[in-house]
Amino acid sequence: MTTALLPSSSFRKALLERGGATAGKCYQCATCSSVCDLAPAAAPFPRRQMLWAQWGLADRLAGDPSVWLCHQCNDCTARCPRDARPGDVLQAVRGLLVEDLAFPRFLGRLVGNAGTTWPLLLGLPILFWIALLAAAGLLSVPQSFHAYEQLVPHWLIYAVYLPVAGYVAAVSWVSGRRLWRALGAGGPRSGSFFGQLMPVATEIATHKRFAKCGTAASRRSGHLALFWGFVGAAVTSGLLIIAIYIQGLPMPLPLAHPYKILGNLSALLLLVGAGILVANRLRDGKRTGVSTAFDSYFAWLVGLVIVSGIVVELARLLAGDGMVSPAVALGLYVAHLGVVLALFLSFPYSKFAHLLYRTLAIVHQRMADRKEPTAA
Amino acid sequence: MSDPSLPLLVVGAGISGITAALEAAEAGRPVVLLEKEAFVGGRVIKSHHYFPKLCPPSCGMEINTRRLERNPRVRVITQAEVVASRPIPGGREVTVRQAPAYVNDRCTACGACSSVCPAKVDDSFNLEMGQVPAIRLAHANAWPHRYLLDRPACPPECRACVEACPHQAIDLAARPTEETLQVGATVVATGWRPYPIAKLPELGGGRHPDVIANVQLERLAAPGGPTGGKILRPSNGQPPRRVAFVQCAGSRDVNHLPYCSAVCCLASLKQALYVHEQYPEAEIAIYYIDRRAPGRNEDLLTRVAAVQSVRLVKGKVGRVEPSADGALLLTVEDVESGRRLEASADLVVLATGMVPNLDHGSALDVKRDADGFGRDSVELGLLVAGVARRPEDVASSVRDATGAAARALAAAGRRA
Amino acid sequence: MERLGVFLCAGCGLGDALDLGALESVTQESKPAHLSRHPCLCSPEGVESIRQAAEQGNLEGALLGACSHRVKQQEFRFDPAKLVVERVSLREQVVWSHPAQQEDTQQLAEDLLKMGLTKLAKAKPAAPITDTLAPAVLVVGGGQAGLEAAAAAAGLGHPVLLVEKSGSLGGHLGRTRDRLPQGPSYEELEPNRLADRIAEIQAHPAIRIFTSARVRALRGQPGRFQAEIETLKGVESVEVGAVVQATGARPYDARRLPHLGYGASPNVVTSEELETMLFAGSLRRPTDGKLPERVVFVQCAGSRDPNHLPYCSADCCGVTLRQMAAIHRDYPRVETVTVYRDMRTPGQLERFYAAVQSHAASLFTRGEVEAVEGNGHLTVRLRDSLLGPSLSLDADLVVLAVGMVPNSADGEAIRALRDARRRVEKAESETQRQEAQKLVDQLGHHQGTEILNLEYRQGPDLPLLRYGFPDSHFICFPYETRRTGIYAAGALRAPMEAGQAAEDGWGAALKAVQCINAAARGEAVHPRAGDPELPDFFLQRCTQCKRCTEECPFGTLNEDEKGTPQLNALRCRRCGICMGACPERIISFPAYSVDAVASMIRAMSVPEEFEEKPRILALMCENDALPALDAAAEKRRQWNPWVRVVPVRCLGSVNLVWIADSLSRGLDGVILIGCKRGDDNQCHYVRGSELAHTRLGNIQETLTRLALEPERVKIVELAHDESERIPEILDGFAATLEDLGPSPLKGF
């Protein structure tokens, strides 16, 4: 049966703005598909996706798991005889898809265009906190303090973040469903979702696929550190709730306390991970791909959270000896709370979302084609 | 406007240089033809057959060497290079250095020397595949028909050949000679060299003996080649059962040669027939990006596509790696089926491209483009012909060279 | 020729392997004016000894019993007008290929010497005609190639007559704004400066231009062609020395591609028609005059298709890229899509391809266009494209990149058609009439395609190679046509891009100039360039059988009304095919004639039956077979000593009388060894090998009539590089003859 081709010039334009301009140079030699170790033999990428991108066939890309299976190792980019940079093109495609899958979409667009909207994206959450504290009459600073609890009570923090977490979960669910449907249109799936989810989770936890990357192998360690850093941070936050409301431990916890150690360890992982990735990007554009606002906004945000977090902790320690005035400490703390909020809120709309989408794509791939997808 | 009374200088006696020299001389112009090798014929004489007719280059070369011999207006200087050049009114004065004439033109090619020569050297005519005596006839139809001595390979004090030669044609003490010539216009036809496969390690180039360049297969298929015309796997001398041709090995690739080398598709189609004619059972695969067979060369594509045992697969090979069974494994996406294959082959031919050979032109300071291809400087009476100018096949080179000869004569004003 | 000298060489092992003394006494029998032996005849001293002997004994001919005539040519070159040299290959054909000091080897050397002497005795010094001839070059066709051919010929100092059938010069390229990049960076369109070039050419004092003109008639031969040029003003008769035909190519008729919607919708146009739009600066959709949003280019429209043009037109990919680039530049919002089978952008054109691709509005896919449907708004149906097995794509304008068809005419076919028509009118029998009628029906479509209107017996135009391109050896000698002095250039000769056509004009012009010079010296052009010999026809004995006029591959001979051949010596390429064709043996060259070879055959020894030594004549083509023999000898391959080799210029020059003579003399067999024939023939005279096969086919029954086994005469194809086959071929034939037993005609 004949299907109609619907090239979209607007998609091509968007792709061009998002760093996918080089797709045009591709002459379909398929070197990329043959050197990519992540691509399944039955459905190799990114040669096909390059052509779709070139033509602006948005619908095909939206329903294609390969876009998410790509880890941007850039083995393809390094070998591409036309310097069409498939790694970058797929990265740009993912950016557009995140924006497109986002709920509500305008937020997706907002984060997607972080290049220009970042002051808004960072400013609003911080202002929100200031306003909140003002309303709660908490802007009056005591002479001295030993714990941030004295400045901003925990209940208030959770009162903000728990609903936000809920919101993030909800919109992620909507976006996730959108992708899952789009993928499903591609063909039948078999087996149970959760049956496949477990192995995929472990695969992701160990970054098994990333290990196959040749050209940008060092990205794996960075990405792995970042990944576990986030997990650690999340767990720590959970533990803290237990510590405060169930165990009733006094805050702040001593540095030697396991929870504390876990928290700081996570921060360290995040710091190291981000460090490696940034270093990679700075080192060699061709091998690691060009940075777009979409990537860098996320990178910066993560960076800010980590740095502000560490600064805030230091501030508290130093405040004890009166080296930092509570006012300054409070300022720093509010800023930290602000960027954390910004990070939370941007999860479904930023690069972070690929955690969700890639997971779904791999699960889909396993359900669509039961055997382990590697070179035949 | 260069001086018509001065001879035309043609640098390089491959098919383009010979053609330019002969066409100018047959139009009545004195010509000096320089060749750095000891014999004329350049790259074409090292090919087994021409596409698309699959006829031996020596057939046309026979006519051309006859023309060279019969034409008193052409002076051929072999083993010679231009080492200096300066403009003079109406042309240029060039300094030509000629390698020592260890074997002079008293040589009758009787072979007495070769049979007593104790030293063996790599056979440069057969691209270093196989060994030959240090003094030998470069190839069956070598012209000038004279033996060639690889002097550095001589054992100390060895005079075996000198004593064996009945015609006093060998002088081991010969020295290089230099000569200054005043010439009018110049045609540079220094041709090309193959892109080295060692620069393609991901395709197994220089890593596995059974990964060879297309130019090597020409010699393996040629009766005068190292295997007497039998196509055999270099690793074990066995006939290949599965042969893979990797197109655009280095060409059309910004990491290597950004241009298309224009002949590799046809060369591989032709070579697929060499293999098929010797081994009708052999499975042959040609992995390509585009099948480029312009003009009537399309017939060759049609002919090869009709051969049962030949598969033309759209998809550029990404990797060639040795496999457990001693064969080679090619990784490539078959674009038409959209699947990635791991094809096995026991002989892999890299269809490498052409790199312009303008090191010789450099003494004449030829203008060059980013890839080293020469550009005409008509105002200086300096014209470039053949593959030194652009990647092209033999027929186009001949056309090109004839045109260049005409432009050179016109630049010099004609007097025939 | 009376005063002959015999010079034997003792070098290269001849002295050791042969009894030279015996050879000398044998040659004494024929009382040569001079006889000497030299230890190394090709050495400066040896050559000097020949020169002195020739001067002192004022010799007319010299027989060199040394090495093959293919080596030491320069050493043994003497003025052919003063001293005719005949070389006997005692080295390659005797001592290197046969055991030393043996009776058979000695006998072989003796025979070869005797044969050489006989041939030399028959030879006459060449008497070339020299004449001052018309220097002008006639260029037919004022397109890219023709214009440059005119500029070239003028630049080479010759007057030029440029004939263009249309009202203006420039051809296809005259109607384009841009041209493909010709130099670095190879990524930008270049402005088409043809108009300036035309102005230069029009201003050139040596170039006369005839527009709206045609060649009404062309007669004569190189150096003295008579051309009648018909213009609106009337007919002018001019003298020209040579001709360049650059009549170019025309786009393939798109109406033959109905499935691509041409004719069905005005929005389907050819690249030629799009060119006109772009040239006029108005890209419009014909149906509604709106700017198209999407233009789809269909590559290989008619090309690479057995039902249309089996060849690739070579230019279309470049043209499409050029037009895409122009659209991107002038109409940035228009989306351009190209559907190709293979993008063919050789050399640096690849860079331009990449540059065009990089534009956001240019889309490419490999695929087959199955159909173009609709009228105003079009739908393009794609099969097996990279985007899917079966797809449709909307388009506002579809451009068919149609291939090119050479503007040539098949002279042979036209002549055959004329003859057939004549036979239909006055046929002797009804069957004859029907056969002729069949031919007329086959060739009917050829009428009215004359371009040069040659008054040649073999038809009014250049004979064609496959697919209507009128060249001959399109690899090694691309300019050689089969009409001496008439050279094809540009897209007429082979499918090519405009830039190449320009270069081609220069090449063809040089060939034309060469031909004029050669004619002035009375010399042959390719492949026997410089050969001063001319054929001589002893017409008193001609029976008007017309074989020579029919079979000359180069259309040298005309006929008078009685059918007597009229020689146009300067059209002759000296192959001797006419000589081979003539049953009356009235055609001969000074140093190569039926009589000369016949007497060589008579000069060879024929052993008696009881000796059980067959005698074999091998007639070998000197261009490919003989070099292979030499190469085999150089590798010291051995072969049967009963074979006597006689080199021939071309198997086509073999006259059957030689075979008849040999057999009647009691020779046991005759083998002809020559070039490959057929479409990919390697015969430098195009048809020689072909004709030899046909002629031989005809004498087989004659043999049977003479109670001779047909196996006694054999013809073999051998390529230049097949020296390894020589022993097998000759020994194999000898073996066959031994099985057959001695010739029954021995001793008659």
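Any idea what the dipole of the range C:344-481 comes to, in debye rounded to 20, about its Cα centre with Lys/Arg Cβ at +1 and Asp/Glu Cβ at -1?
Numbers: 15 positive and 20 negative charges, 33 e Å.
Computed charge dipole of the range C:344-481: roughly 160 debye.
So, by mean Cβ neighbours within 10 angstrom, what's the order for A:306-318, B:399-411 with the highest one leading? Please list the in-between numbers first.
On the way: A:306-318: 17.8, B:399-411: 28.6.
Final packing ranking: B:399-411, A:306-318.
Suppose only helical runs count, i.e. DSSP H with n ≥ 4. What mean residue ellipticity at 222 nm does that imply for chain C under -39500 (n - 2.57) per run, divided by all residues and rounded to the nearest 500 deg cm²/dmol? Show your work: numbers first, answer last.
Values: 19 runs with 228 residues, N = 748.
Per the formula, -9500 deg cm²/dmol.
Evaluate the range A:1-67: find the radius of gyration of its Cα atoms, find its Kirkwood radius, and give the ratio Rg to Rh. Write down the numbers at each step before the final one.
On the way: Rg = 12.3 Å, Rh = 12.6 Å.
That ratio is 0.98, to two decimals.
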Task: Rg in Å to one decimal, and Dmax rounded to a whole Å, for the range C:456-514 via C-alpha atoms - done: 11.2, 36
TODO: List the aspartates and glutamates whose Cα lies under 12 Å from the Cα of C:LYS714, skipping any in the same chain that are fewer than 8 positions away.
DONE: C:ASP668
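Could you look at the range B:125-205 and say what percent of its accessible area is carbon and sulfur, using a 1.4 Å probe and all protein chains?
Values: 1880 of 3580 Å².
The nonpolar share, carbon plus sulfur, comes to 52 percent.
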Open item on the list: What percentages make up the Cα-Cα pair-distance distribution of the range C:584-691 when the bins are 5 Å wide from 0?
Closed with: 2, 12, 20, 21, 20, 15, 7, 2, 1, 0
Task: Most to least packed among B:386-395, B:342-351, C:638-647 [average Cβ atoms within 10 Å] - done: B:386-395, B:342-351, C:638-647
Task: Unit charges on C-beta of K, R, D, E only; dipole of the protein assembly as shown, Debye - done: 3720 debye
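Viscosity 0.692 mPa s, temperature 37 °C: what is the translational diffusion coefficient of the range B:163-311 from Stokes-Einstein with a Kirkwood Rh over Cα pairs, rounded to a whole number of µm²/s?
On the way: Rh = 18.5 Å.
In µm²/s, the coefficient rounds to 178.
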TODO: Take every Cα pair under 8 Å in chain C that's 6+ residues apart, average their separations, divide by the length, and report that relative contact order as a whole percent.
DONE: 12 percent
Open item on the list: In the range C:485-590, if the dipole is taken from +1 on Lys/Arg beta carbons and -1 on Asp/Glu beta carbons about the Cα centre, which of C:ILE586, C:ALA491, C:ALA502 is farthest to the positive end?
Closed with: C:ILE586
- [ ] Return one whole number: the accessible area per residue of the range A:188-264 in Å², for a 1.4 Å probe.
- [x] 51 Å²
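Loop-only GluC sites (Glu not before Pro) in the range C:416-490, please: DSSP not H, G, I, E or B, and at most 11 other Cβ atoms within 10 Å. Each step should come with its number before you reach the end.
Values: sites: C:GLU425, C:GLU428, C:GLU430, C:GLU435, C:GLU450, C:GLU455, C:GLU480; in loops: C:GLU428, C:GLU450, C:GLU455, C:GLU480.
Within the range C:416-490, the qualifying GluC sites (Glu not before Pro) (loop, at most 11 other Cβ atoms within 10 Å) are C:GLU428.
Return the tail of the calculated pair distribution for the protein assembly as shown, meaning the percent of Cα-Cα pairs more than 50 Å apart.
Details: 541979 of 1185030 pairs.
Looking at the protein assembly as shown, the distances longer than 50 Å represent 46 percent of pairs.
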TODO: Calculate the mean, over all residues of peptide C:354-362, of how many other protein chain Cβ atoms lie within 10 angstrom of the residue's Cβ.
DONE: 5
Task: Surface share of carbon and sulfur [accessible, 1.4 angstrom probe, percent] for chain C - done: 50 percent
Task: Dipole-positive endmost among B:VAL243, B:ALA222, B:HIS256 within the range B:155-285 (Cβ charges, Cα centre) - done: B:VAL243
Task: Local electrostatic count, B:ARG43, Cβ distance below 14 Å [Lys/Arg +1, Asp/Glu -1] - done: -1
Task: Volume of the Cα convex hull of chain B, divided per residue and given in Å³ - done: 143 Å³
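Take the cross-link list C:LYS124/C:LYS746; B:LYS46/C:LYS635; C:LYS122/C:LYS546; B:LYS53/B:LYS199; C:LYS546/C:LYS676 and give me the ones stretching past 21 Å between alpha-carbons. Don't skip to the answer; put the middle values down first.
Values: C:LYS124/C:LYS746 33 Å; B:LYS46/C:LYS635 19 Å; C:LYS122/C:LYS546 27 Å; B:LYS53/B:LYS199 32 Å; C:LYS546/C:LYS676 26 Å.
Where the Cα-Cα span goes over 21 Å, the pairs concerned are C:LYS124/C:LYS746; C:LYS122/C:LYS546; B:LYS53/B:LYS199; C:LYS546/C:LYS676.
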Task: Helix axis angle, B:394-411 relative to chain B longest principal axis, alpha carbon, degrees - done: 30 degrees
- [ ] Treating the angle as unsigned and between 0 and 90°, give the value, to the nearest 10°, between the Cα long axis of helix C:688-705 and the longest Cα principal axis of chain C.
- [x] 50 degrees
Open item on the list: Give me the summed buried accessible area for the B-C pair, 1.4 Å probe, to the nearest 100 Å².
Closed with: 6900 Å²
Open item on the list: Averaged across A:4-10, how many Cβ atoms of other chains sit within 10 Å of each residue's Cβ atom?
Closed with: 5
- [ ] Could you please state how large a percent of the accessible area of the range A:183-319 is carbon and sulfur, counting protein chains only and using a 1.4 Å probe?
- [x] 77 percent
Open item on the list: A drop of at least 10 square angstrom in accessible area, chain alone versus all protein chains together, probe 1.4 Å. Which residues of the range B:258-292 meet that?
Closed with: B:PRO258, B:TYR259, B:CYS260, B:ALA262, B:ILE289, B:ASP290, B:ARG291, B:ARG292
- [ ] Grab the other residues whose beta carbon is less than 14 angstrom from that of A:ALA201, score K and R as +1, D and E as -1, and report the net.
- [x] +3
Open item on the list: Using the alpha carbons of the range A:69-209, what is the convex hull volume per residue in cubic angstrom, as a whole number?
Closed with: 218 Å³
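If you put +1 on each Lys and Arg Cβ and -1 on each Asp and Glu Cβ, how big is the dipole of the range C:89-246 around its Cα centre, in Debye rounded to 20? Write down the numbers at each step before the final one.
On the way: 17 positive and 18 negative charges, 126 e Å.
So the dipole magnitude of the range C:89-246 works out to roughly 600 debye.
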Task: Computed label-point distance, nm, for sites A:LEU268 and B:GLU163 using a 7 Å Cα→Cβ extension - done: 8.3 nm
Task: A/C buried area, accessible surface, summed, 1.4 Å probe, Å² - done: 1800 Å²
Open item on the list: Checking the cross-link filter: which aspartates and glutamates have an alpha carbon closer than 19 Å to that of C:LYS114, excluding same-chain neighbours under 8 positions apart?
Closed with: C:GLU2, C:ASP19, C:GLU24, C:GLU29, C:GLU60, C:GLU86, C:GLU92, C:GLU103, C:ASP104, C:ASP595, C:GLU608, C:ASP661
Task: Degrees separating the helix A:293-320 axis from the principal Cα axis of chain A, which is the longest one - done: 20 degrees
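What is the Å³ per residue value for the convex hull set by the Cα atoms of chain A? Show your work: numbers first, answer last.
Details: hull volume 55.2 nm³, N = 376.
So the per-residue hull volume is 147 Å³.
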Open item on the list: What aspartates and glutamates does C:LYS438 reach when the alpha-carbon gap must be under 19 Å and sequence neighbours fewer than 8 apart in one chain are set aside?
Closed with: C:ASP410, C:GLU412, C:ASP419, C:GLU425, C:GLU428, C:GLU430
Task: Between the range C:374-426 and the range A:208-256, the alpha-carbon center distance in angstrom - done: 69 Å
Task: Among A:ALA182, A:ALA217, A:TRP228 the positive-end extreme of the charge dipole of the range A:173-288 (Cβ point charges) - done: A:ALA182
Task: 1.4 Å probe accessible area per residue over the range C:455-500, in Å² - done: 17 Å²
- [ ] Sum up the charges of everything whose Cβ sits under 13 Å from the Cβ of C:GLY697, counting Lys and Arg as +1 and Asp and Glu as -1, but leave C:GLY697 out.
- [x] +1
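In peptide C:509-519, what is the residue-averaged number of other protein chain Cβ atoms found within 10 Å of each Cβ?
Values: counts 4, 15, 5, 1, 8, 11, 2, 2, 4, 3, 0.
The per-residue average across the peptide is 5.
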Task: Isolated Cys residues of chain A, judged by Cβ distance under 4.7 Å to other cysteines - done: A:CYS26, A:CYS29, A:CYS36, A:CYS70, A:CYS80
Task: the range B:219-250-the range B:158-215 distance, computed between alpha-carbon centres (Å) - done: 22 Å
- [ ] Using only the Cα atoms of the range C:643-748, construct the convex hull and provide its projected area averaged over every direction, in square nanometres to one decimal.
- [x] 6.7 nm²
TODO: Eight or more residues apart or on different chains, and alpha-carbon atoms under 22 Å: count the Lys pairs in chain A matching that.
DONE: 9
- [ ] Sort by residue number and report every cysteine in chain B with no other cysteine beta carbon within a distance under 4.7 Å.
- [x] B:CYS55, B:CYS59, B:CYS107, B:CYS117, B:CYS154, B:CYS158, B:CYS165, B:CYS248, B:CYS260, B:CYS264, B:CYS265
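Over the range B:175-249, with the other protein chains present, what is the accessible area per residue in square angstrom, probe 1.4 angstrom? Can you show the working numbers first?
Values: 2860 Å² over 75 residues.
Ligands and nucleic acids excluded, the result is 38 Å² per residue.
Sort the following peptides by mean Cβ neighbour count (other Cβ atoms within 10 Å, averaged over residues), highest first: A:130-140, A:172-182. Could you put the intermediate results ahead of the total?
Working: A:130-140: 12.3, A:172-182: 17.1.
My ranking of the peptides, most packed first, is A:172-182, A:130-140.
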- [ ] For chain C, compute Rh as the Kirkwood radius over C-alpha pairs and then the Stokes-Einstein diffusion coefficient at 37 °C and 0.692 mPa s; write the answer in µm²/s, rounded to an integer.
- [x] 112 µm²/s
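The values are calculated or read from the model by the stated rules, or taken from the named source; none is laboratory data. If you're wondering where the values come from, they're calculated on a predicted model, not measured in any experiment. Neighbour counts run over all protein chains shown; Cβ positions are idealised from the backbone, glycine included. The protein model used for the area step is the full one, side chains on, heavy atoms only, and it has no ligands, DNA or RNA in it. Shrake-Rupley method; radii C 1.70, N 1.55, O 1.52, S 1.80 Å.
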